[in-house]
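Undergrad: Please find one structure pasted underneath; my questions will follow.
The values are calculated or read from the model by the stated rules, or taken from the named source; none is laboratory data. Note that this is a predicted model, so its numbers are computed, not measured. Every residue, glycine among them, receives a Cβ derived from its backbone with ideal geometry; neighbour counts consider all protein chains shown. All accessible areas refer to the heavy atoms of the entire protein, side chains included, with ligands and DNA or RNA removed. Shrake-Rupley method; radii C 1.70, N 1.55, O 1.52, S 1.80 Å.
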Amino acid sequence: MGDYDQAVALWAKIDGVEICEGDSREEIGDYLKRNPKLSRVAEANGEIVGAALCGHDGRRGWIYHLAVAKELRGRGVGKLLLDDCVRGLREAGLKRAIILVAGDNPAGHKFWLREGWENIDGAIAMTLEL
């Protein structure tokens, strides 16, 4: 949790990454406890320049908020974070992972497609406030 403030600050700067109620310090802490050693950060000169939340529900892996500082995009940081997350999910025995890409994030969508991820045809993302 020592990286929390820097990770949230990075996410807040990135178009297409929405910080919401589930991203509080307490809720992220709980998520990390339920999913140990799966989330990742990338650092340069003592600063977080990339971050990804990664976990699973026992059935499917989920990667949230994978983001890289704008000035370091195109240098493989996002791919390294993604590859580490996927490796961790595979080691946990997962066979499939899911992500949500914001409709107003075409650069993010292109990244995921380039990395081999597929659109889920016919799927509609839905939510319910609890």
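Undergrad: Just name the residue that is surrounded by the fewest Cβ atoms within 10 Å (Cβ to Cβ) out of those in the range 78-93 that are touching a residue at least 40 places away in the same chain (Cβ under 8 Å) and within 11 Å of the chain's Cα centre (by Cα).
TA: Once the filter is applied, the top-ranked residue is 81.
Undergrad: How many of the residues in the range 105-119 are surrounded by 10 or more Cβ atoms within 10 Å (Cβ to Cβ) and outside any helix (DSSP H, G or I)?
TA: 4
Undergrad: OK, next. In the list 38, 66, which residue meets the criterion of being within 19 Å of residue 14 (Cα to Cα) and either open to solvent by less than 70 Å² (accessible area, probe 1.4 Å) or more than 13 Å from the chain's Cα centre (by Cα) (or both)? I'd like the intermediate steps shown before the answer.
TA: Working: 38 fails: within 19 Å of residue 14 (Cα to Cα).
Result of the check over 38, 66: 66.
Undergrad: I'd like to check something: does the range 32-49 contain any residue that is touching a Lys or Arg at 6+ places or on another chain (Cβ under 8 Å) and on the phi < 0 side of the Ramachandran plot?
TA: No, because not a single residue in the range 32-49 is touching a Lys or Arg at 6+ places or on another chain (Cβ under 8 Å) and on the phi < 0 side of the Ramachandran plot.
Undergrad: Any chance you could count how many residues in the range 11-21 are in a helix (DSSP H, G or I) and open to solvent by 30 Å² or more (accessible area, probe 1.4 Å)?
TA: Initial filter on the range 11-21 (in a helix (DSSP H, G or I)): 11-13, 21.
This time we only want the ones that are open to solvent by 30 Å² or more (accessible area, probe 1.4 Å), so: 12-13, 21.
Within the range 11-21, residues that are in a helix (DSSP H, G or I) and open to solvent by 30 Å² or more (accessible area, probe 1.4 Å) number 3.
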